[in-house]
Amino acid sequence: MTKKLPIEQFLQTDFSHIIDVRSPREYKQSHIPNAINYPVLNDDEFEYIGTLYKQNSFKAKVLGASFVSANISKHLLKLQDKISPKKSIGIHCARGGMRSQALGIILYQIGYQVALLEGGYKAYRKEVARYLQSPLPHHFITLIGQTGSGKSEIIASFENSLNLEGIAKHLGSSFGGICGTQPSVKSFQNALFERLRELENAPFVLVEGESKRIGNLILPSVLYNAYQNAPKIFIQTPLEERIKRITKQYGKISHAFFENAMQKISPFMKKDFWQKAKDAFNCGDLESVAEILLVEYYDKVYKKESYAYTISYHSLEQAHTEICTLAREYYK
């Protein structure tokens, strides 16, 4: 018989794979990070069975079972090459009902080690909300500094870092959308939850002092307050290095993207500098664009805040050593 695990135990289990049997549309909206989608009902089938169930529940169950059986038979041939029966797998649907049980029972009967998530994805989302609203056990060290100072690359170089820009797929500024489409709110929360769980036993967690809003996404208040109240390190970098760093970023953006971003910041720049930046971009002079925007926009709107330490950034190795030394001293 397949076993059902409550969310706490499900999260603590080392599954080789987690299978999400919900419809592709449900999965696309949000899912457990790294879960793979093997829907037992496709989008059209799921919608049709839901409508039919309100009219004739028995007929809906019969037709639904036939759809599920056909879909599972296709999945089995793919799963035999992808998932070893020697390792445990987790399965869930929306609420821990018939869809996950259907696949779970068959996989169990043919020899797979199967565990179903009690309460399904709804239980997972409830746990995510609870976690992100509760006090966090992490020891944060927060990096602050002007745009282009290298905070993001320092964050990326640490194993025990919380890369908020990476998770949000946004650089947090008017030009921050160069990372592409941002995840949904639920997907963002799920990714934060999973990363924070991974970092619970880290001696400290390095994070950038982002605003509460990153693009279209809002950070949980508990997390935001935690790193804002943590010891802060100001990353000091020469203007010429900041210009080089920003120039690389601007080389990736389209003319339409640049125009849209410039319209957003026009109220915060003197008109002549704003126009000079646009003209420089149209001429392909990205270094001038970067310098104008750093000096005449970013540095002028930068909100100065108090900090405990300053690091003059020369190399990743040097910054890494100094940050680790400061963190060990603070959290000893």
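Laboratory data are not the source of any read-out in this text; all were calculated from the coordinates shown. All values derive from a computational prediction rather than experimental measurement. Quick reminder, even Gly has a Cβ in these numbers, built from the backbone with ideal geometry, and neighbours come from all protein chains shown.
Per-residue ellipticity at 222 nm from helix content only, as computed over the chain with -39500 (n - 2.57) for each DSSP H run of at least four residues, stands at -15500 deg cm²/dmol.
The Cα center of segment 168-234 and the Cα center of segment 115-150 differ in position by 9 Å. Cross-link reach is defined here as a Cα-Cα straight distance under 26 Å, omitting same-chain residues fewer than 8 places apart; for Lys244 the lysines meeting it are Lys151, Lys169, Lys232, Lys252, Lys264, Lys270, Lys271, Lys276, Lys278, Lys300, Lys303, Lys304.
Only beta bridges with both residues in segment 137-331 are counted; by DSSP, about 15 percent of them are antiparallel.
For segment 252-292, a/c is not less than 1.5, where a ≥ b ≥ c are the root eigenvalues of the C-alpha gyration tensor, and a/b does not top b/c. That puts it in the oblate class. Note on the chain: with charges restricted to the Cβ of Lys and Arg (+1) and Asp and Glu (-1), its dipole about the Cα centre is near 1220 debye. The GluC sites (Glu not before Pro) of segment 153-218 that meet both conditions, a loop assignment by DSSP and at most 11 other Cβ atoms within 10 Å of the site Cβ, are Glu159, Glu200.
Here the chain carries DSSP beta bridges of which approximately 5% are antiparallel, counting only pairs with both residues inside.
Put simply, when 306-312, 109-115 are sorted by average Cβ atoms within 10 angstrom per residue, most first, you get 109-115, 306-312. Put the Cα centre of segment 287-332 next to the Cα centre of segment 1-43 and the gap is 41 Å.
So what's the net charge close to Asn282: Lys and Arg +1, Asp and Glu -1, counting the other residues with Cβ under 12 Å from its Cβ? Display every interim value, and only then the final one.
Details: positive: Lys276, Lys278; negative: Glu259, Asp279, Asp285.
Charge balance in the 12 Å sphere: -1.
Modelled label positions at Gln12 and Lys271, each set 7 Å beyond Cα in the direction of Cβ, lie 6.6 nm from each other. With the charge dipole of the chain set up from +1 on Lys and Arg Cβ and -1 on Asp and Glu Cβ about the Cα centre, the Cα lying farthest toward the positive end among the listed residues Leu286, His314, Ser211 is that of Ser211. Between Lys87 and Lys186, residue separation times 0.36 nm minus the direct Cα-Cα distance comes to 32.7 nm. With a simple spin-label model that places each label point 7 Å from the Cα along the Cα-to-Cβ direction, the separation between Glu47 and Ala256 comes to 2.7 nm.
If each residue of separation counts as 0.36 nm, what is the full-extension length gain between Ser211 and Asp299 once their alpha-carbon separation is subtracted?
On the way: separation 88, 0.36 × 88 = 31.68 nm, distance 1.58 nm.
Result: 30.1 nm gained on full extension.
Extension gain, Ala202 to Ile110: 0.36 nm times the residue separation minus the Cα-Cα distance gives 29.1 nm.
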